[in-house]
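Trainee: The following block contains the structure, expressed as structure tokens.
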Amino acid sequence: LDVRPLRGNINTRMAKLDAGDYDAIILAAAGLKRLGMAQRIRSIVPTSLCVPAAGQGALAIEIREGDEDLKRWLAPLACEKTLMEVSVERRLSWRLGGSCQVPLAAFCVPTTGDTLELTARVASPDGKEVLESVMSAQVMSARQAESLGDRAADELILQGAQRWLPSS
């Protein structure tokens, strides 16, 4: 494979594919569906093969502090399950100094009951080495969610991930 960077919005990226600049590109299926381009999807890459970045696919709405009316109005859109999953992923990312420049992936999913499973990976900048942590825990609060993210971060650090992470 010749993996190359690709910048621009979805239409720009699709135009580059259509022009033959690329043989294939990877985009978010949700974005293509939202834009009415679902017919362009040829394959879905399984998360077991390519773990997404922390928080991918989760949407957030930020409001002014103290705006209780708006908070109540938006409350039906909040999903506690998603909040817990994203809290695990974001905690791991925060602990490891995650940014757009850090080769870090985190994907948290429910397994049974209140149990969440986190798959986390850190890669060398050239992608030739990958460290992985897969662990699960019963999570019923934001604090327990953070604990799962912390444990996975600690495991990756023990494996040597700090050599690829920004120094603090």
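The values are calculated or read from the model by the stated rules, or taken from the named source; none is laboratory data. What you see is a predicted model, and the numbers here were worked out from it, not measured in a lab. Cβ sites come from the backbone with ideal geometry, for glycine too, and all protein chains shown count toward neighbours. The protein model used for the area step is the full one, side chains on, heavy atoms only, and it has no ligands, DNA or RNA in it. Shrake-Rupley method; radii C 1.70, N 1.55, O 1.52, S 1.80 Å.
Trainee: Scan the stretch 8-29 for residues that are open to solvent by less than 80 Å² (accessible area, probe 1.4 Å), more than 14 Å from the chain's Cα centre (by Cα) and closer than 21 Å to G98 by Cβ and report the count.
Mentor: Total meeting the criteria: 0.
Trainee: Could you please find all residues in the stretch 122-153 being open to solvent by 70 Å² or more (accessible area, probe 1.4 Å), touching a residue at least 12 places away in the same chain (Cβ under 8 Å) and either assigned to a helix (DSSP H, G or I) or under 15 Å from L92 (Cβ atoms) (or both)?
Mentor: E132, V134, E146, R151
Trainee: Here is a follow-up. Look through A60, A53, A75 and report the one residue that is surrounded by 11 or more Cβ atoms within 10 Å (Cβ to Cβ) and either free of Cβ contacts under 8 Å to residues at least 12 places away in the same chain or among the small types (G, A, S) (or both). Don't jump to the end; show me each part of the working.
Mentor: Numbers: A60 fails: surrounded by 11 or more Cβ atoms within 10 Å (Cβ to Cβ); A75 fails: surrounded by 11 or more Cβ atoms within 10 Å (Cβ to Cβ).
On inspection, the qualifying residue turns out to be A53.
Trainee: Only one of L96, L118 is in contact with a Cys (Cβ under 8 Å, 6 or more places away or on another chain) and open to solvent by less than 20 Å² (accessible area, probe 1.4 Å); which?
Mentor: Numbers: L96 fails: in contact with a Cys (Cβ under 8 Å, 6 or more places away or on another chain).
None of the others qualify; the one that does is L118.
Trainee: To continue, here is another question. Name the one entry in E89, E80, E65, E85 that is open to solvent by 60 Å² or more (accessible area, probe 1.4 Å) and either of a type in the set (S, T, N, Q) or modelled with pLDDT of 90 or more (or both). Explain how you work it out, then say what you get.
Mentor: On the way: E89 fails: open to solvent by 60 Å² or more (accessible area, probe 1.4 Å); E80 fails: either of a type in the set (S, T, N, Q) or modelled with pLDDT of 90 or more (or both); E85 fails: open to solvent by 60 Å² or more (accessible area, probe 1.4 Å).
Of E89, E80, E65, E85, the one residue that is open to solvent by 60 Å² or more (accessible area, probe 1.4 Å) and either of a type in the set (S, T, N, Q) or modelled with pLDDT of 90 or more (or both) is E65.
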